[in-house]
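Since the structure comes first, as structure tokens, the remarks are kept for the end.
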Amino acid sequence: MIKLAQRVQAVKPSPTLSLNAKAKALAAKGVDVVSFAAGEPDFDTPAFVKESAKRALDAGFTKYTASAGIPELRAAICDKLQKDNALGYTPEQVLVSCGAKHSLYNIFQALLSPGDEVVIFAPYWVSYPDMVRLADGVPVIVETRPEEGYVPDPTRLKNALTSRTRAVVLNSPSNPTGASLDKKALQSIAEAVAGHDCLLITDDIYEKLLYTAAPFCNIANAQPSLFARTVVVNGLSKAYAMTGWRVGYAAGPKELIAAMQLIQDQSTSNVTSFVQKAAVTALQGPTDELQTMVKAFKERRALLVNGLNKLPGVTCPMPDGAFYVFPDVRGLLGKRHQGIEVSGSLKLSEILLDDYQLAAVPGLPFGAEGFLRLSFAASRETIEKGLQRLQAFVSALT
Ligand SMILES: Cc1ncc(COP(=O)(O)O)c(C=O)c1O
């Protein structure tokens, strides 16, 4: 028997990836699966981005590059952060990695010593706590509540901060709730962390998928004095429908970025060379396809939320951004389906997939039992069909 490292035993497999895999395997067998499990846009990567990658390939741009990213991409990211976010960075403050996920992984690896703590707000993206554990850190979970719009309560946050707190993770708009934090909410977080020497990690991956009138704002915008201890994480996956290309980045304090680069130098090295060229083109290119996608998501969001709120036992707030809704299904738990108790969100998700061919991610792994995460990165027809299946399930409960 192979004796695996202890840190591996503390880590759970990603439930979203495994549910997606199960739904895809059923679909491959010819089962008519409706999937609300997607964590990626159902739109294709813009053609001008693909063309750019093809040009780079044809020009022979296929060799190793600088590990931190090609200079023109790091410069394009600095331009983007200045133009869109009013944040001034130099290229040495930017590290290009294999997706925002890899950027986050590098941050935790560079930042944490055994026992160091990272504050994560629940409901959270499933990977944060496990990435912290993989770096021998301790995730400290701070609850946020639907009735408070998932805005972190400053007192609860303050109570979670200790001398071991190395970072607080912020994710707005959020996966899984879709909630966004406005300037006021971010300022109250800034006040709560004021006396603590911790890093603020702002995961802005859903920045462009925001349906509110108020513009996007992160912690460094809301409280400029925190800029020096903020690291911005972003990427091209969601805004440019480029999930499979694997390109993301972090921008932050030079010494942190240098330490992250060291880890990357000794592990993955550079992001795929020709993908980096295409990323420059994407960042500098037109945004009409993004706008088309945002318009479609906004319409589908309304369709899904309205449909869900018609189901007895289900309450669903309107998310501000991303492409997820996070309905409260506590009204369905404890009921029976064909004699079997719907004991929790895992059971609910299992019944929906097995008996209704509907893939919906349970809330439990996001730190929110009694909820489901449904993605509206799906066609209107898919959403309507999924709602019918949910209706059939709810009607069958006793
Ligand atoms: C909150 C959040 N952060 C980061 C990521 C990672 O994105 P990528 O690694 O594709 O850039 C995701 C993807 O689902 C996400 O939901």
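The values are calculated or read from the model by the stated rules, or taken from the named source; none is laboratory data. Please read these numbers as outputs of a predicted model, since none were measured by experiment. Cβ atoms come from the backbone with ideal geometry, glycine included; neighbour counts cover every protein chain shown. For the accessible areas, the whole protein counts, side chains as well, though only heavy atoms, and no ligand, DNA or RNA atoms are used. Shrake-Rupley method; radii C 1.70, N 1.55, O 1.52, S 1.80 Å.
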| task | Just name the residue that is least open to solvent (accessible area, probe 1.4 Å) out of those in segment 1-54 that are more than 16 Å from the ligand (Cβ to nearest atom) and of a type in the set (S, T, N, Q). | result | Ser52
| query | Within segment 143-256, which helices (runs of 4 or more DSSP H) (wholly inside it) include 3 or more residues that are under 28 Å from Val294 (Cβ atoms)? | reply | 183-193, 219-222
| said: For the condition of a type outside the set (Lys, Arg), open to solvent by 50 Å² or more (accessible area, probe 1.4 Å) and in contact with a helix residue (DSSP H, G or I) (Cβ under 7 Å, 6 or more places away or on another chain), what is the one hit in Asp136, Asp182? | reply: Asp136
| note | Exactly one of Leu57, Leu112 is away from the ligand (no atom under 16 Å from the Cβ) and buried (at least 19 other Cβ atoms within 10 Å of the Cβ), and that residue is Leu112
| Could you say which residue among Asp197, Asp130, Asp153 is more than 16 Å from the ligand (Cβ to nearest atom) and in contact (Cβ under 8 Å) with a residue 24 or more places away in the chain? | Asp197
| query | If Ala279 passes every condition in (1) under 22 Å from the mean Cα position of the chain (by Cα); (2) not assigned by TED's automatic domain parsing to the domain that holds Asp203 but one, which one does it miss? | reply | (2)
| query | So Cys78 fits all but one of (1) farther than 30 Å from Val325 by Cβ; (2) free of Cβ contacts under 8 Å to residues at least 24 places away in the same chain; what number is the exception? | reply | (2)
| task | Can you tell me which residue among Gly331, Gly363, Gly321 is within 25 Å of Arg300 (Cβ to Cβ) and open to solvent by 30 Å² or more (accessible area, probe 1.4 Å)? | result | Gly331
| field | Set Leu87, Leu104, Leu95, Leu57: member being touching a strand residue (DSSP E or B) at 6+ places or on another chain (Cβ under 7 Å) and assigned to a helix (DSSP H, G or I) | value | Leu104
